[in-house]
Amino acid sequence: MTTTGPGPDAGAGRYVDHRAANRANWDDRVPVHLASRFYDVEGWLDGRPGPRAREVRALGGVAGLDLVHLQCHIGLDTLAWADAGARVTGLDFSAPAVAAARDLARRAGLEARATFVTADVHDAVAVLGAGRFDIVYVSLGALCWLPSVDRWADQVAGLLRPGGRLHLHDVHPLAWALADDSRTVEHTYFEEPDPFVADSPATYTDAVRPLIHTRSFEWNHGLGEVVGALLDRGLRIDSLVEHDWTVHQRFPWLVEAAPGEWTSPPGTPRLPLTFTVVATLVP
Ligand SMILES: C[S@@+](CC[C@H](N)C(=O)[O-])C[C@H]1O[C@@H](n2cnc3c(N)ncnc32)[C@H](O)[C@@H]1O
C-alpha cells in the first residue's frame, strides 16, 4: 500500500518539501544500511537474536499480540518481534525500506506473521485502521523526523486498543540539542516549527558510498512535550527512563563502554543520550 498526495501541512506548503527531502534522504540510506556492518543483515538472518532483553522485560510475552512498528526502516526490529510470536505490521514512508523489510521477512520465513506498509506515519490510522493494535513500538531515531509530537501522539492513541501499550525508545532531546562535535548546546531543546537542517553525505552506519540526497530536516521535542502529548490523549505513563548510552558513536567524544553501547567517557559528566517511555491507553 502506498499513500500519495499532499502531506498534513499541505496548506502551509512547508512540511511537504521537508518530507520529500527526508524521504529521498532515507531512500538513499537503504542500500547503504543493507550493506553495513552496523545492521549486519546476514548476521541477523543467521543468528535471529529476537527482541532486546530490556524491551522484552518491559513488554512481557507478545505471542499472539498485534504489534505495529512505526517508522520501521528495513524491518529488523519489527521482525525480531515476529520471532517472539507477535503478528507484526511495519510502516515506513520509504518504499525501498519497505521492499527491503518484505524481502527480509521472506528470507526469514516470517511472511505469514509480518506485513509491511509504505505510508507516512501521519496516515497510520487511516491506512491501518483505528484501535487495531495491542502494542505500538517505536525504535531509535523516529521522532526527530516529525514536526509535531502532538500529531504523532494522535496516531499512537488512534492505533491502540484500549489497554494497549506504547514502547518508545528514542534519542534524548538533550542529545539532539548538542552540537555534533562539542558538548555545547546548538539547537533548541523544545519543539519549534522550524526544523534543523542537516546536509551530509554520511549516515550513522559504516558506508560503502555517500548519499546523493544529502539535505534532511529534523525537529526536536522536549521530554515533557512527548510525555504531555501522550497524557493528553489518555495514555498512562508506566515508566520513563533516561539512558546514559546510545547505540552508535553519535558524538566523537563518546566511548564504547560495551559492544553497541556508547557513553560519556569515565570521569566526565554523564548526559542522557536516549530515553524509553512505556505507556498504556487507559481503557
Ligand atoms: C532511524 S530510522 C528508524 C530506524 C530503526 N529504529 C532501525 O534501527 O532500523 C527512521 C525511519 O523513519 C522513517 N520516516 C521518517 N519520516 C517518516 C514519516 N513521516 N513517515 C513514515 N516514516 C518516516 C525513515 O524512512 C526511516 O526508515
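Some points to look at:
- Within region 271-283, restricting attention to residues that are open to solvent by less than 50 Å² (accessible area, probe 1.4 Å) and of a type outside the set (S, T, N, Q), the residue that is nearest to residue 204 (Cα to Cα) is 273.
- Residue count, region 193-214 (criterion: more than 20 Å from residue 34 (Cα to Cα), in contact (Cβ under 8 Å) with a residue 24 or more places away in the chain and either in a strand (DSSP E or B) or in contact with a Lys or Arg (Cβ under 7 Å, 6 or more places away or on another chain) (or both)): 1
Residues checked against (1) at pLDDT below 95; (2) open to solvent by 20 Å² or more (accessible area, probe 1.4 Å); (3) among the acidic types (Asp, Glu):
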{"site": "205", "(1), (2), (3)": "yes, no, no"}
{"site": "239", "(1), (2), (3)": "no, yes, no"}
{"site": "248", "(1), (2), (3)": "yes, yes, no"}
{"site": "259", "(1), (2), (3)": "yes, yes, no"}
{"site": "269", "(1), (2), (3)": "yes, yes, no"}
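- Among the conditions (1) under 14 Å from residue 175 (Cα atoms); (2) assigned to a strand (DSSP E or B); (3) free of Cβ contacts under 8 Å to residues at least 40 places away in the same chain, the only one that residue 249 does not satisfy is (2).
- Within region 64-105, the set of residues being among the acidic types (Asp, Glu), more than 8 Å from the ligand (Cβ to nearest atom) and not in a helix (DSSP H, G or I) comprises just one member, 66.
- Cβ-Cβ under 9 Å pairs, at least 6 apart or on other chains, region 60-76 side of a type in the set (Lys, Arg), far side open to solvent by less than 20 Å² (accessible area, probe 1.4 Å) and within 16 Å of the ligand (Cβ to nearest atom): none
- Residues satisfying the stated conditions in region 147-166, i.e. more than 19 Å from residue 220 (Cβ to Cβ) and open to solvent by less than 10 Å² (accessible area, probe 1.4 Å): 159, 160, 164, 166
- For region 215-237, the set of residues classified as open to solvent by less than 40 Å² (accessible area, probe 1.4 Å), outside any helix (DSSP H, G or I) and of a type outside the set (A, V, I, L, M, F, W, C) consists of 216, 218, 220, 221, 222, 234, listed by residue number.
- Assessment of region 52-63 against the conditions (open to solvent by less than 20 Å² (accessible area, probe 1.4 Å) and within 13 Å of the ligand (Cβ to nearest atom)) yields at least one matching residue.
- Of all the numbered requirements in (1) within 21 Å of residue 144 (Cβ to Cβ); (2) in contact with a helix residue (DSSP H, G or I) (Cβ under 8 Å, 6 or more places away or on another chain); (3) of a type outside the set (Val, Ile, Thr), residue 45 misses one, and that requirement is (1).
- Selection from region 20-33 of residues that are in contact (Cβ under 8 Å) with a residue 40 or more places away in the chain, within 11 Å of the ligand (Cβ to nearest atom) and not aromatic (Phe, Trp, Tyr): 21, 22, 23, 24, 25, 27, 28, 29, 30, 33
- One residue alone among 103, 134 is within 20 Å of residue 155 (Cα to Cα) and not polar (S, T, N, Q), and that residue is 134.
- When restricted to residues that are open to solvent by 20 Å² or more (accessible area, probe 1.4 Å) and within 13 Å of the ligand (Cβ to nearest atom), region 126-146 contains 5.
- Residue count, region 37-51 (criterion: open to solvent by less than 40 Å² (accessible area, probe 1.4 Å) and away from the ligand (no atom under 14 Å from the Cβ)): 3
The values are calculated or read from the model by the stated rules, or taken from the named source; none is laboratory data. In this text the structure is predicted, and so the values were computed from the model without any measurement. Cβ coordinates were reconstructed from backbone atoms using ideal geometry, including for glycine residues, and neighbour counts include every protein chain displayed. Heads up: the accessible areas ignore ligands, DNA and RNA and are worked out on the full protein's heavy atoms, side chains in. Shrake-Rupley method; radii C 1.70, N 1.55, O 1.52, S 1.80 Å.
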